[in-house]
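All remarks here apply to the structure that follows.
The values are calculated or read from the model by the stated rules, or taken from the named source; none is laboratory data. Since the structure is predicted, the reported quantities are computational estimates derived from the model, not experimental observations. So basically every Cβ, Gly included, is an ideal-geometry build from the backbone, and we count neighbours across all protein chains shown. Keep in mind that these areas ignore ligands, DNA and RNA; they rest on the heavy atoms of the full protein, side chains included. Shrake-Rupley method; radii C 1.70, N 1.55, O 1.52, S 1.80 Å.
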Amino acid sequence: MKVTTIGIDLAKDVFGLHGVDGEGRVAFRKRLVRSRLLEFLANLPPCLVGLEACSSAHYWARKIEQLGHRVRLMSPKFVKPYRKSDKNDANDAEAICEAVTRPSMRFVPIKSEAQHEVQALHRVREQLVKGRTALVNQVRGLLAEHGIVAPQGIARAHRLLLEILADPGRHSLGELFRETLQEIAERLRFLDQRVGTYDDRIERVFKGDERYKRLAKIEGVGPLVATAVVAAVGNATEFKNGRELSAWLGLVPRQHSSGNRTLLLGISKRGDRYLRTIMIHGARAALRRVDRKRDQRSSWAMRIKQSRGHNKAVVALANKNARIIWALLTHGDNYRPPATSVVSAAADRIILAQVQA
């Protein structure tokens, strides 16, 4: 039998393989150790190879593609319905082999090593920020037990901690508690330095790629968002349009519809939570300045803010930014700032005439 499709259940040491021919008949079922996988695939004719998008999947996809095979990655939740019986390596490999042949299957783009390097910067930085936030929240709780309420914001809480350590007699704190606060302050200082170091590294990466600079011209998109998006989606060619990218980010409404009854809920929150979070934070920063601008984009955002509320306007702006990012990445265009609104320009002329009069 000529093998045409292979499903591989990835693991740390022992992989399950399921191969079929052009008519769907089983050609082989195998279990291979890690060191034998590439050797076995190298002796097969070019095939369609299906993998679940999990840890090390992108590495194996790149290696298998170098052997001449066509590799497709799939989300595990889309593969699960094709498993016929209990979960084991053989059944998982068979389900992957079946799922990869479905014409309606959604595939995950294979990341390059450069994308993984940039993504590693973001992952480590994210963990440092989480650790710093957790430490500041712990300080708030400890100080509250002594009647000291820390203000909102990490910088302000850190500043209060330093003031307390500089003048311990002001709040009548014990020596043991002061020693604990001193140790916490040193840890906060270390985390601030490490976060700043990773910010500098991301800035260097940002300056080295023209795609990042084109994306950063969008209001609400800076070096952090631009590098994270390109590291996640590359040139975004796996998405048919901008709405697919925004849906992948979880920025579109969830549906619970039946028959003629259409019900739209909150955003789906699918996809990469980190990427969605920083895009929303960037949109929130951009929304603060729209009331001082007269272009069509700002007028649109202000109308949503006034009619639907601040938070929904932030998500809508993040959704629009995602669609613009898709257009810039897929077409290679430069961002064109929105034109001045005709209504806003007319209003400005009326106000100017009144002032002159």
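Points worth noting:
- Selection count, the range 1-24, where residues are open to solvent by 40 Å² or more (accessible area, probe 1.4 Å), touching a helix residue (DSSP H, G or I) at 6+ places or on another chain (Cβ under 9 Å) and not in a loop (DSSP other than H, G, I, E, B): 1
- Every listed requirement among (1) within 12 Å of Gly242 (Cβ to Cβ); (2) of a type in the set (Ser, Thr, Tyr); (3) not in a helix (DSSP H, G or I) is met by Tyr335 save one, (1).
- Criterion (under 30 Å from Ile202 (Cβ atoms) and touching an Asp or Glu at 6+ places or on another chain (Cβ under 7 Å)) met by exactly one of Val108, Val71: Val71
- One residue from Ala42, Ala57, Ala27 being surrounded by 13 or more Cβ atoms within 10 Å (Cβ to Cβ), closer than 24 Å to Lys111 by Cα and not β-branched (Val, Ile, Thr): Ala57
- Only residues that are of a type in the set (Val, Ile, Thr), modelled with pLDDT under 85 and within 19 Å of Ala316 (Cα to Cα) were counted in the range 232-288, giving 1.
- Among residues of the range 92-136, those that are more than 25 Å from the chain's Cα centre (by Cα) and open to solvent by 60 Å² or more (accessible area, probe 1.4 Å), counted: 3
- Helices (runs of 4 or more DSSP H) within the range 184-292 that include 1 or more residues open to solvent by 20 Å² or more (accessible area, probe 1.4 Å), closer than 30 Å to Thr340 by Cβ and of a type in the set (Asp, Glu): 210-215
- Check on Arg156, modelled with pLDDT under 90 and surrounded by fewer than 14 Cβ atoms within 10 Å (Cβ to Cβ): yes
- Only one of the numbered conditions (1) in contact (Cβ under 8 Å) with a residue 12 or more places away in the chain; (2) under 28 Å from Pro223 (Cβ atoms) is violated by Ala93, and that is (2).
- Number of the condition not met by Ala27 [criteria: (1) in a helix (DSSP H, G or I); (2) under 23 Å from Asn88 (Cβ atoms)]: (1)
- Scanning the range 36-74 for residues that are part of a loop (DSSP other than H, G, I, E, B), touching a residue at least 40 places away in the same chain (Cβ under 8 Å) and out of contact with any Leu (no Cβ under 9 Å at 6 or more places or on another chain) yields one hit, Pro45.
- Among the residues making up the range 165-207, those that are of a type in the set (A, V, I, L, M, F, W, C) and in contact (Cβ under 8 Å) with a residue 60 or more places away in the chain are Leu191, Val195, Ile202, Val205.
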